[in-house]
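Working notes, beginning with the structure itself.
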Amino acid sequence: MASHQELQVTVAGASIRYLKGGAGPALLALHSVEGNLGWLPLYDELARRFTVYAPTHPGFAGSDRPPWLESFFDLSRFYLWVMLELGLANGTLMGHFIGGWLAAEMAVMSPTVVERLVLIDAAGVRPRVGEITDIFLHGGDGARKLSFFDVKQVRDYELLFGRKPSPEEREAHIINREAAIRYCWKPYMHDPVLPELLPRLRATPTLMVWGREDRIAPLECAELYRAAIPSARVAVIDQCGHFPHLERPAEFTSALNTFLPP
């Protein structure tokens with residue numbers, strides 16, 4: 001495992017927790033609704049050529065939320081401020097589900113801060129056929145069951161999702177769920193204006209990585225992103241659900257390696 005630190009930065013009076021490791025150009029890794037899962041094996045791989053920053057979103061367990069921060073639009077603007085406080089003029093933005101949506105919103109707000117964009121089974125655009133699954137309706141256990149093609153493919157499934165949570169972990173799950181509902185409920189998991197703004201990223205190299213069997217964010221979302229971003233391409237991973245970076249790490253890393261600089 002690559003050496004990494006757990007640090008904090010103060011933004012708008014709020015203490016934001018983040019993990020940092022590696023060396024090289026900046027890569028900001030943005031988590032999804034489950035909260036910060038810690039220093040993942042993927043970050044070890046990326047830390048060989050990037051300085052990886054993995055923050056915990058404001059309002060999720062471990063980070064404060066300024067009282068004025070109420071919407072996903074607020075969250076996107078706030079993260080541009082986070083980058084400023086971290087001393088990051090630009091970098092690669094990579095996010096999973098709502099983290100991918102967040103990366104896309106930041107990119108259309110300020111394209112110059114984004115060297116490359118990696119969207120992993122991202123929310124943010126509304127499918128024309130079908131829908132993004134209501135994970136709040138299904139609850140934590142139900143959403144997890146829908147999230148994987150085969151949990152046996154996930155090396156650390158028991159550690160990350162399968163074991164009985166401690167009281168502290170249960171409290172963190174509640175905090176994370178409340179934060180996700182606050183940011184993503186209305187409209188549910190998308191921004192109606194985002195597809196109109198995505199063509200602004202015509203000069204931003206963009207990669208979408210998607211599990212073909214994703215039952216949370218359908219593959220159509222990847223096609224909608226690709227249609228809207230002139231420079232984008234899609235890597236689809238077979239026999240894989242909503243977490244390709246966890247379920248099919250070798251294939252996921254291979255897709256990244258064809259896109260990111262050596």
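Each residue of segment 244-259 is assigned a 3J(HN,Hα), and the resulting list reads x, 5, 9, 7, 10, x, 5, 5, 4, 4, 4, 5, 5, 5, 7, 10 Hz, derived from the Karplus form 6.51 cos²θ - 1.76 cosθ + 1.60 (θ = phi - 60°), x at Gly and Pro. Taken over the alpha carbons of the chain as equal point scatterers, the Debye sum produces base-10 log I(q)/I(0) values at 0.10, 0.11, 0.16 Å⁻¹ of -0.44, -0.54, -1.30. An oblate overall shape is assigned to segment 120-262, the ratio a/c of its alpha-carbon gyration tensor axes (a ≥ b ≥ c) being 1.5 or greater and a/b not exceeding b/c.
3J(HN,Hα) along segment 163-169, derived from phi through the Karplus expression 6.51 cos²θ - 1.76 cosθ + 1.60 where θ = phi - 60°, amounts to 7, 5, x, 6, x, 5, 5 Hz, with x in place of Gly and Pro. Only helices enter this figure: runs of n ≥ 4 DSSP H residues, each worth -39500 (n - 2.57), summed and divided by the residues of the chain, yield -10000 deg cm²/dmol at 222 nm to the nearest 500.
For the set Ser32, Ser71, the ranking by accessible area, highest first and with no ligand, DNA or RNA atoms included, is Ser71, Ser32 under a 1.4 Å probe.
For segment 79-126, the carbon plus sulfur part of the accessible surface works out to 50%, probe radius 1.4 Å.
Sorting Val33, Val151 by solvent-accessible area of protein heavy atoms yields Val151, Val33, largest first, with a 1.4 Å probe.
Solvent-accessible surface of segment 196-262, averaged per residue with a 1.4 angstrom probe and all protein chains in place: 43 square angstrom. For segment 64-115, GluC sites (Glu not before Pro) meeting the loop criterion (DSSP other than H, G, I, E, B) and having at most 14 other Cβ atoms within 10 Å: Glu70. Using the alpha carbons alone, the radius of gyration of segment 63-149 stands to its Kirkwood radius in an Rg to Rh ratio of 1.02. Under 30 Å between alpha carbons, and skipping anything fewer than 8 positions from Lys20 in its own chain: which lysines qualify? Partners found: Lys152, Lys164. Surface analysis of segment 14-88 yields an accessible area of 34 Å² per residue, using protein heavy atoms and a 1.4 Å probe.
Need one word for segment 5-54: rounded, prolate or oblate. Basis is the Cα gyration tensor (sqrt eigenvalues a ≥ b ≥ c); a/c below 1.5 gives rounded, then a/b vs b/c decides. Cα axes put segment 5-54 in the oblate bin. Here the Debye sum runs over all C-alpha atoms of segment 162-244 as equal scatterers in vacuum, and log10 of I(q)/I(0) at q = 0.20, 0.23, 0.24, 0.26 Å⁻¹ comes out as -1.02, -1.09, -1.11, -1.15. The alpha carbon centroids of segment 1-23 and segment 235-262 are separated by 25 Å. Residues whose amide H falls under 5 Å from that of Val11, counting only those 5 or more places apart or on a different chain, are Ile16, with hydrogens built in the peptide plane. Going by the alpha-carbon gyration tensor, a ≥ b ≥ c the square roots of its eigenvalues, is segment 184-232 rounded (a/c under 1.5) or, if a/c is not under 1.5, prolate (a/b greater than b/c) versus oblate? Oblate, since a/c reaches 1.5 and b/c is not below a/b.
The values are calculated or read from the model by the stated rules, or taken from the named source; none is laboratory data. These figures come from a predicted structure and were not determined experimentally. Positions of Cβ are generated from backbone atoms using ideal geometry, with glycine treated the same way; all protein chains shown enter the neighbour counts. SASA here: full protein model, heavy atoms, side chains in, ligands and nucleic acids out. Shrake-Rupley method; radii C 1.70, N 1.55, O 1.52, S 1.80 Å.
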